[in-house]
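Below is one structure, written out as structure tokens; the observations come after it.
The values are calculated or read from the model by the stated rules, or taken from the named source; none is laboratory data. Bear in mind that the values here come from a model prediction, so they are computed numbers and not experimental data. Heads up, the Cβs are rebuilt from the backbone with ideal geometry, glycines too, and the neighbour counts pull from every protein chain shown.
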Amino acid sequence: MGQYGPGVGNSEVNIVTTQLDPVLSGSPASQPVSWQEALRRAVRNPGELCRAVGISGEFAAHAAAQTTANISAESFPVFAPWEYIARMRPGDPHDPLLRQVLPVAEEMIDTDGYSLDPVGDTAATVAPGLLHKYAGRALLIASGVCAVHCRYCFRRHFPYEAVQSDDDRSQEAITQIADDPSIHEVILSGGDPLMLVDDVLARLVGRLAKIGHVRRLRIHTRLPIVIPQRVTTELCEAISDSRLTPVVVVHANHAAELDTGVAQAVAMLIQHGAMVLNQAVLLRGVNDHVDALAELSERLIDLRVVPYYLHQLDRVAGAAHFEVPIEQGRDLVEQLRQRLPGYAVPRYVQEIAGAPYKTVLG
């Protein structure tokens, strides 16, 4: 799937073990491995995912049937690392982490207003894998694969095969950035850019650092959350050993995602000079109540991570069942303001295709 292999860019791995419930003890999650091995052993079947968290009966049978119904076996299959599964509540079909990665029949409902490209990526593409939406910033699709398949992903239908990046195919994008002196920040996105092995990532960062008008490097990634051992000394050096100011934006939606391993990974990034921010998505059945959002923000602050954005759901086809009404979202943010210090309240925003900046909702 991606550009990873045994032993490549991984001479020192920060091994993290997770406290497991008895249902999960003895599972692959109880055996610390490299991040590459964690990817290889990830769960790829909804029935297996249910068994992994001790769910049986009618719910599990329905989940297993999704593969037969071709809901998860098409272009967006189940992909969930054991490191992430280990944080789910055993036996609970409504666990907020499980809900993010388990396909359901509602994904097949054709809902008005939902599309394959809800944020206008196609219209913003100026070169293969290079998007230019906002003044001063350009977004580079550095990888077409992820370490987890979130069912609400706004790029779940993105044509990654047309923009898969290597040194040769990314040259046009690099040239475009170099030729535009208005670009001061390059955002590496995907997929997940940390699916690139360290030497490939370092080479890409080095090429960007040679462009004099680029000052900042921003990396949007979920890997430190779902497979925290991806964060190694080598990775941190690949990100930070250039003149570019590094900003790492992680993606956690619920406090249960932020275990000890994630805390150690984030601390390593911060110790190497990266500013770390979090983006969350407001999701029905996951974090659509004030207690969950407050707990997430407080946990992030305790880890020295800024709760940056709370996104209104991007209306991507297959994700309508996750949507929370905007008025409810505004009310939740107002409740957060009453409970938390201002620096712990994320900005509630929505990305609208073609708009020159994110729209602040509350």
The residue that is nearest to E351 (Cα to Cα), considering only those in the stretch 248-280 that are out of contact with any Phe, Trp or Tyr (no Cβ under 9 Å at 6 or more places or on another chain) and in a strand (DSSP E or B), is V250
Selection from the stretch 210-222 of residues assigned to a loop (DSSP other than H, G, I, E, B), among the basic types (K, R) and under 20 Å from E237 (Cβ atoms) yields K210, R215
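Given the options T233, T221, name the one that is on the phi < 0 side of the Ramachandran plot, surrounded by 18 or more Cβ atoms within 10 Å (Cβ to Cβ) and modelled with pLDDT of 95 or more. Reasoning before the result, please.
Details: T233 fails: surrounded by 18 or more Cβ atoms within 10 Å (Cβ to Cβ).
Step by step, each of T233, T221 is checked, and only T221 is on the phi < 0 side of the Ramachandran plot, surrounded by 18 or more Cβ atoms within 10 Å (Cβ to Cβ) and modelled with pLDDT of 95 or more.
Return yes when R299 is closer than 24 Å to C146 by Cβ, among the charged types (D, E, K, R) and assigned to a helix (DSSP H, G or I) and no when it is not.
On the way: closer than 24 Å to C146 by Cβ: yes; among the charged types (D, E, K, R): yes; assigned to a helix (DSSP H, G or I): yes.
Yes.
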Residue hits (the stretch 334-362; within 13 Å of Y308 (Cα to Cα) and β-branched (V, I, T)) are V345, V349, V360
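Table: residues versus (1) within 15 Å of I183 (Cα to Cα); (2) more than 17 Å from the chain's Cα centre (by Cα); (3) assigned by TED's automatic domain parsing to the domain that holds G354; (4) of a type in the set (D, E).
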{"site": "G129", "(1), (2), (3), (4)": "no, yes, yes, no"}
{"site": "K133", "(1), (2), (3), (4)": "yes, yes, yes, no"}
{"site": "R137", "(1), (2), (3), (4)": "yes, yes, yes, no"}
{"site": "L140", "(1), (2), (3), (4)": "yes, no, yes, no"}
{"site": "V148", "(1), (2), (3), (4)": "no, no, yes, no"}
{"site": "C153", "(1), (2), (3), (4)": "no, no, yes, no"}
Checklist entry - Does T175 qualify as being among the hydroxyl-bearing types (S, T, Y) and in contact with a Leu (Cβ under 6 Å, 6 or more places away or on another chain)? => result no
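Scan R207, R243 and give me the residue that is of a type in the set (D, E, K, R), in the same structural domain as P181 (by TED's automatic domain parsing) and assigned to a loop (DSSP other than H, G, I, E, B).
Residue meeting the stated conditions: R243.
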When every residue in the stretch 316-330 that is outside any helix (DSSP H, G or I) and β-branched (V, I, T) is compared, the one surrounded by the most Cβ atoms within 10 Å (Cβ to Cβ) is V316
By residue number, the members of the stretch 191-206 that are at negative phi, crowded, with 17+ Cβ neighbours inside 10 Å, of a type outside the set (A, V, I, L, M, F, W, C) and out of contact with any Asp or Glu (no Cβ under 7 Å at 6 or more places or on another chain) are D192, P193
If we keep only residues of the stretch 60-81 that are surrounded by fewer than 21 Cβ atoms within 10 Å (Cβ to Cβ) and part of a helix (DSSP H, G or I), then the residue modelled with the lowest pLDDT is T68
Scanning the stretch 236-247 residue by residue, the ones that are surrounded by fewer than 23 Cβ atoms within 10 Å (Cβ to Cβ) and either more than 27 Å from V345 (Cβ to Cβ) or among the basic types (K, R) (or both) total 7
Somewhere in the stretch 261-273, is a residue closer than 30 Å to M108 by Cβ and not acidic (D, E)? no
Being of a type outside the set (K, R) and touching a Ser or Thr at 6+ places or on another chain (Cβ under 6 Å) narrows G144, G113, G129, G120 down to just G129
The residue from L293, L283 that alone is crowded, with 19+ Cβ neighbours inside 10 Å, under 18 Å from the mean Cα position of the chain (by Cα) and assigned to a helix (DSSP H, G or I) is L293
Scanning for something at pLDDT 95 or above, closer than 29 Å to G136 by Cβ and surrounded by fewer than 20 Cβ atoms within 10 Å (Cβ to Cβ), does the stretch 248-256 turn up at least one residue?
no
If we ask which residues in the stretch 231-257 are under 20 Å from H149 (Cβ atoms) and of a type in the set (A, V, I, L, M), their number turns out to be 4
Given the condition touching a Phe, Trp or Tyr at 6+ places or on another chain (Cβ under 7 Å), over 30 Å from G136 (Cα atoms), modelled with pLDDT of 95 or more and surrounded by 15 or more Cβ atoms within 10 Å (Cβ to Cβ), answer yes or no: does some residue in the stretch 341-349 qualify? no
Being modelled with pLDDT under 90 and small (G, A, S) narrows G57, G129, G113, G136 down to just G57
